[in-house]
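The structure under discussion appears below in the form of structure tokens.
The values are calculated or read from the model by the stated rules, or taken from the named source; none is laboratory data. Everything numeric in this text was worked out from a predicted model, so none of it was measured. When we count neighbours, we look across all protein chains shown, and the Cβ atoms used for this are built from the backbone with ideal geometry, even at glycine. Accessible surface is based on the protein model in full, side chains and every heavy atom, while ligands, DNA and RNA are left aside. Shrake-Rupley method; radii C 1.70, N 1.55, O 1.52, S 1.80 Å.
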Amino acid sequence: MKWENKRYRSFSYEMKKIFESKIIKLSLDGGFTCPNRDGSIARRGCIFCGEEGAGEFAASRDLTIKEQINSQKEWMSKKWGNGKYISFFQNFTNTYSTYEDLKNKYNQAISEKDIVGLAIATRPDCLSKDVLDLLEEINKKTFLWVELGLQTIHDDSSDFIRRGYELECYDRAIKELDKRDIKVVSHLIFGLPGETREDILSSVSYVARTNTWGIKIHSLYIQEATDLADYYIKSPFKLLTKEEYVSLVADSIEILPQHMVIHRLTGDGKRSLLIEPKWSLGKRRVLSAIDQELKARDSYQGIKTPTGI
Ligand code: SF4
């Protein structure tokens, strides 16, 4: 196959091609919060967001960035062996601070040995001109990408998840980042209540048309200690089955242009907090079912990319 053993351009394939080495992400906690939680936009955050944000696997925010890098390197090398590293500010909104604080933390995150890149997860409404200029500067020093949690293009769903920004805001952010040659990874969630198969695939087509560098997809999962868990207990709704999810992912891969890097196709929730769907815990089984589905269809990434993308 074009992409080694996969029928799509996986993150590990792309990293090996670029860096000629295994790439390990170090999940750092910059001590940031989020305007959707601190009252600037709202107080309860996105409906699926827990107190720990998305950073259950991140290093402790009580440590300096240098200490976090060292502890994560030690921990990750036991699991994955040696390689090169990308620092990843994953938890909460990692462009939500002063220019000086961000500059200081980003520079620390790229200055340690064997760090070859930086990934920054944020919201499209937290990219002021100063922040964009800083990202442009960092982009010249290292392999940078910015991750945006779009999740869906549909207004009813974005209201339900309390995302707190409009689709136009995402479009503007993409344009501004693109102008500065900064790579973007867009996140989508499959299985939001009320979304049909067509709704989900239209979100995928939308992201495909933005021509962002990469995409992360996962199924909606319900974790304890979130408002989504309370909602689900009071008003249970239908979650995607593994088979439905696998089929939707295969359809999505077919639509995505071949240059887009597929960073993730399964959920990343914390095992001890997961309420449903339980099948999402078997990440290897889900990935292998996706591979089998593509093989059975004799299909691959981009086979159905609409013309003009
Ligand atoms: S934007 Fe991210 S950190 Fe902020 S509330 Fe939503 S999921 Fe949580």
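Numbers for the structure displayed
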{"item": "Neighbour-limited loop hits for trypsin sites (Lys or Arg not before Pro), segment 75-137 (at most 11 other Cβ within 10 Å; DSSP other than H, G, I, E, B)", "result": "113"}
{"item": "Normalised per residue, the volume of the convex hull around the Cα set of segment 11-297 (Å³)", "result": "130 Å³"}
{"item": "FRET E, pair residue 238, residue 51, Förster distance 35 Å, beta-carbon r, rounded to 0.05", "result": "0.80"}
{"item": "Calculated FRET value between residue 5 and residue 82, using beta carbons and R₀ = 22 Å, to 0.05", "result": "0.50"}
{"item": "Accessible area per residue in Å² at 1.4 Å probe, computed on the chain", "result": "46 Å²"}
{"item": "Reach of residue 73 by Cα under 21 Å, taken over lysines that are not fewer than 8 positions away in the same chain", "result": "16, 22, 25, 84, 105, 113, 270"}
{"item": "Cα centroid separation, segment 116-154 to segment 171-190 (Å)", "result": "8 Å"}
{"item": "Those Cys residues of the chain for which no other cysteine Cβ falls under 4.7 Å", "result": "34, 126, 169"}
{"item": "Ordering of 14-26, 115-127 by packing [mean C-beta count within 10 Å, highest first]", "result": "115-127, 14-26"}
{"item": "Amide H contacts of residue 214 (H built 1.01 Å from N, under 5 Å, at least 5 apart or other chain)", "result": "184, 185, 186, 261"}
{"item": "Share of carbon and sulfur in the accessible heavy-atom surface of the chain [1.4 Å probe, %]", "result": "49 percent"}
